[in-house]
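Beneath this line is the structure, given in structure tokens, with notes to follow.
The values are calculated or read from the model by the stated rules, or taken from the named source; none is laboratory data. Since the model is a prediction, treat every value here as computed from it, not as a measurement. Cβ atoms come from the backbone with ideal geometry, glycine included; neighbour counts cover every protein chain shown.
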């Protein structure tokens, strides 16, 4: 298939996934703002979120104070912020439009309808209920998009590139979500199991749809170590790093070309380290350090995918 | 004032014409709320499917719907038979003419068309002189604009032989009508048009360079911000071919390749939706970002087919138009079945004098204009507009032609105040490959403003489904 087409499909999927993960991140923080806790802690939560996305600087330039409503306005609704949910939904739709001939009409219509509906919303001064509904809606539309890709698309290269984008983005996002919370929680030195901690960790689990899964897998107290294990190392957890990387590796194998051997090797190596890794050794390195390194590896894979397939071979 | 237009649905005595009777009685017994509801549904569907065109000028990149009217334009079988034969004949002659011009120029030698008219025309491409193209076909796809003035009285308004557009609306309008009012298709036997993409693909494959057994066909688009992008994507999808941009193609050793995820892949036929000027920056406009450097060299070497061919503009130019009936006689030895609108060529002294004396009655068009821009409709113009246009003509008369104001036929159409007649035209799409074919019907455009004769979508025109009845 055309390299440019593959590029659009890959980014269509990445932006769709990114919009969903942003909604998840913002949702969990805005839920926490409803808990009885100091304004300072709440502010720290938002700062950690903005920092980990890499937008603290850009936010400071536009807003004086770090409040829930400012951060949500900036991260959810601000069209001048290229990484806001609105911008991601729009970018997903524009990428789809550029290759609408390659997509099934259902996929195109789904992404177009999402964008049209979002355009019709009045999103500036939403109150908490409406914000919550909006995040739910973004997640729902992302589920629909994935479902229609899964249900209607020919299993050819186009399909593999769409999933490659999805899983690279999801790996990146799960690592960031985990890192934000870890940052925020552990330095405070409290023993796991305290009430505040319980809410924080359970909110994190909720944000990646893993709360019920945790209960079913561990049937026990929520501890940071197990949360990390679930989100990093478990293959049956759909948003875990390991799960994402095994999918990335698989889809890379399916689109293999003359120059992609090294990329495939690196993806395989990363997947193997997650496959055979133990949570103890992750904690020996330090979870934060581990995640930072992981994010670097994911970024490297993304760059290599672009180089090998998307910006195609020169003449 | 214009004469009363021919009404497609009603005879002059007010009765409903035979071929509209079934539709008229359906409309009469269908509750108006249901019709209103269906019209709203059509709007939503068009938006969701993203059947839009991009407006130039205003907010860059604004996507708009072309208004769709639910009253079909119905053509009875016998009228279509005549039209189809006339269209095929005309396109055959136009292809023969283009081939002749780029080879031995017999028609010029015979003195049937003044040579300077052709050779000094900006649309004549000296780069094409002496190049053989597969099957001697230049206009693989022609969109011929036809209007009706009276009973059985059809005129060709212009021959679009470069990159004619609109066929996706023909197909989507049909799909929409069948979705909204399936019962109408049970009541009428409407000739199908849905196989157009198959015919087109077949046609494009048939003109591949010789020796290529399983040709790779691509559709070349200027990109997602072009006004007709929807159509490009739609046709590529329907034909199952790659939709490429200039940056996706490159030329190596006079072969054309596309950049794919598995390396370069040969391309044999390019259905291009980009004007000649932008195709190859090495030969035409050097600032073109849309084209492919070296494409013309590959084309001249016979390694790739470009459809439509480069240089077809010489045959559909408004200054050449008056000679088309002569082409039919010269190349085919037949009398033209479809009439031209009588045309005054203002580079001729006597035509200029007549036009200036009768400006109020005439339509004046720029020879190189398109899309309804830069034209004067005498009967509808104010004194000041007439005067301004007179000055423009006097400055450079060779840039203009003039025609009597035809009273385009009108078809009942939904407007704010209910149903009222609005002027329409028809663009059938004629395909030339191994043979000349066309699907029954075409795109009917309608001028939605009362009294307006301008049907172009860029000027507020809409579209209708076009039904050719099989009996």
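Before moving on, here are some points about what is shown:
- Subset of the stretch A:244-294 [touching a residue at least 60 places away in the same chain (Cβ under 8 Å) and within 20 Å of residue A:161 (Cα to Cα)]: A:244, A:245, A:247, A:248, A:251, A:252, A:254, A:255
- One residue stands out in the stretch B:224-251 among those that are out of contact with any helix residue (DSSP H, G or I) (no Cβ under 9 Å at 6 or more places or on another chain) and surrounded by fewer than 23 Cβ atoms within 10 Å (Cβ to Cβ): the one that is farthest from the other protein chains (Cβ to nearest Cβ), namely B:225.
- Some residue of the stretch A:16-34 being under 30 Å from residue B:240 (Cβ atoms), touching a helix residue (DSSP H, G or I) at 6+ places or on another chain (Cβ under 9 Å) and not assigned by TED's automatic domain parsing to the domain that holds residue A:305: yes
- Listed by position, the helices (runs of 4 or more DSSP H) contained in the stretch B:48-140 that have at least 3 residues being modelled with pLDDT of 95 or more, within 27 Å of residue B:324 (Cα to Cα) and more than 19 Å from the chain's Cα centre (by Cα) are B:77-101, B:106-109.
- Yes/no for residue A:87 being closer than 20 Å to residue A:170 by Cβ, in the same structural domain as residue A:142 (by TED's automatic domain parsing) and out of contact with any helix residue (DSSP H, G or I) (no Cβ under 8 Å at 6 or more places or on another chain): yes
- Unique residue being within 14 Å of chain A (Cβ to nearest Cβ) and buried (at least 20 other Cβ atoms within 10 Å of the Cβ) when the list is B:220, B:279: B:220
- Enumeration of residues in the stretch B:341-366 that are surrounded by fewer than 18 Cβ atoms within 10 Å (Cβ to Cβ) and in a strand (DSSP E or B): B:366
- Members of the stretch B:398-455 that are surrounded by 22 or more Cβ atoms within 10 Å (Cβ to Cβ) and at positive phi: B:441, B:442
- The set of residues in the stretch B:294-335 being in contact (Cβ under 8 Å) with a residue 40 or more places away in the chain and surrounded by fewer than 18 Cβ atoms within 10 Å (Cβ to Cβ) consists of B:297, B:300, B:301, B:302, B:326, B:332, B:334.
- For the stretch A:294-315, filtered to residues that are at the interface with chain B (Cβ under 9 Å from one of its Cβ atoms) and in contact with a helix residue (DSSP H, G or I) (Cβ under 6 Å, 6 or more places away or on another chain), the residue that is modelled with the lowest pLDDT is A:312.
- Selected residue [more than 8 Å from every other protein chain (Cβ to nearest Cβ) and under 24 Å from residue A:157 (Cα atoms)] from B:268, B:173, B:198: B:268
- Verdict on residue A:60 being over 20 Å from the mean Cα position of the chain (by Cα), loosely packed, with under 15 Cβ neighbours inside 10 Å and closer than 26 Å to residue A:35 by Cβ: yes
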